[in-house]
Amino acid sequence: MAQYETPQKIFEINGIKFGGKVGETPIVLIGSIFYKNHNILEDPKKGIFDKKKAESLINAQEEISDKTGLPHVIDIGAEYSEAIIKYIDFVTSITDATFCPDGPTPEINIPAVNHIGEVGLSDRVIYNSIDPHTKEEELNAIKNAKITSAILLTFHSKYIFPAKKVKLLEGDENIEGLLVKAERAGIDKPLIDTATLDVPSVGICARTIKLIKEELGLPAGAGAHNALHTWTRKKEFGDAVKSISNVIINTIPQAVGADFLLIGPIDRAKEIFPTIALNDVVLNYIAARIDRIKVDRTGPISKIF
């Protein structure tokens, strides 16, 4: 819970603050909808889904966000370009929330980005994501759509450990830095995803968050829930462990000052938001009373206590 001497950047995106010193601003939670095999999907190719259930899930995340004081973002997955545009139109018709278009390929993402620019939603978007493999066509689409915020995914097989991930951001003689790519796409509010692979890598992510904040002062976070997909023996310990572990795994990056967490399925927002909010109160209180930081009082410390 140590503070960072480097000045910390705070980016405001659609009314949500990302970044700052440990405990200064509420951590932002990003829940995913329309992801592969989501049970609300009826025809993933055509973008047909159960609208009643989808709206209920979005409303539930919005309500628990309001109740706990933790800001939320909706991550919109899709396997097809026709579908992602329908999902974006649906989500933005029922909520003013910030959202992330999150297709797995440029062929899906570029049409989505073009659509976002055409209908005037660019100021509500965090593009997910720019990584070492992102091509010029995708960067140009982001720039043309006037999207100014994106998640930069620090994933590369040759840049695994914390110092190397910082190199991945800044660039070296072998690779163009993600920050340079992002700037070329018109991104001036980059959020750094430290790329979780498996359970042991969560520690690497936490250490990388710490290093990024120490050296660059940029908002950083992780999708620690991804690690649990690789824990094949968790069933041996019962259903309760499955639920608890999805919360516990997120506390490690949160403790070092993660500014956002990708929490996985939106379906589990009700169990994750209150527990992460509890930790947020601890960090917020220490920041205010011991570190003498002027903290944002709109978060959990004023909502759940």
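Of all the listed residues (ILE151, ILE142), the sole one being in contact with a Leu (Cβ under 6 Å, 6 or more places away or on another chain) and closer than 13 Å to ILE187 by Cα is ILE151.
Can you report the number of residues in the range 82-98 which are among the small types (Gly, Ala, Ser) and touching a helix residue (DSSP H, G or I) at 6+ places or on another chain (Cβ under 8 Å)? Total satisfying the criteria: 1. Residue count for the range 263-279, restricted to those that are among the β-branched types (Val, Ile, Thr) and either over 19 Å from HIS38 (Cβ atoms) or surrounded by fewer than 16 Cβ atoms within 10 Å (Cβ to Cβ) (or both): 2.
Taking the range 18-61 as the range and being of a type in the set (Ser, Thr, Tyr) and over 17 Å from the mean Cα position of the chain (by Cα) as the test, only SER56 passes. Quick one: would you say ILE187 is surrounded by fewer than 24 Cβ atoms within 10 Å (Cβ to Cβ) and either touching a helix residue (DSSP H, G or I) at 6+ places or on another chain (Cβ under 9 Å) or hydroxyl-bearing (Ser, Thr, Tyr) (or both)? Against the criterion (surrounded by fewer than 24 Cβ atoms within 10 Å (Cβ to Cβ) and either touching a helix residue (DSSP H, G or I) at 6+ places or on another chain (Cβ under 9 Å) or hydroxyl-bearing (Ser, Thr, Tyr) (or both)), ILE187 does not qualify. So which residues in the range 292-305 are crowded, with 18+ Cβ neighbours inside 10 Å and among the aliphatic types (A, V, I, L, M)? Correct list: VAL295, ILE301. Looking only at residues in the range 221-243 that are among the basic types (Lys, Arg) and surrounded by 10 or more Cβ atoms within 10 Å (Cβ to Cβ), the one that is nearest to ASP198 (Cα to Cα) is LYS234.
Checking the structure you have, find out if any residue of the range 31-42 is surrounded by 16 or more Cβ atoms within 10 Å (Cβ to Cβ), touching a residue at least 24 places away in the same chain (Cβ under 8 Å), aliphatic (A, V, I, L, M) and assigned to a loop (DSSP other than H, G, I, E, B).
Scanning the range 31-42, I find no residue that is surrounded by 16 or more Cβ atoms within 10 Å (Cβ to Cβ), touching a residue at least 24 places away in the same chain (Cβ under 8 Å), aliphatic (A, V, I, L, M) and assigned to a loop (DSSP other than H, G, I, E, B), so the answer is no.
Among the numbered conditions (1) closer than 30 Å to TYR35 by Cβ; (2) surrounded by fewer than 16 Cβ atoms within 10 Å (Cβ to Cβ), the only one that ARG289 does not meet is (1).
Read-outs: derived from the displayed coordinates by stated rules, not from any lab. As the structure is a prediction and not an experimental result, all values here were calculated from the model. No Cβ is skipped: glycine too gets one built from the backbone with ideal geometry, and neighbour counts run over all protein chains shown.
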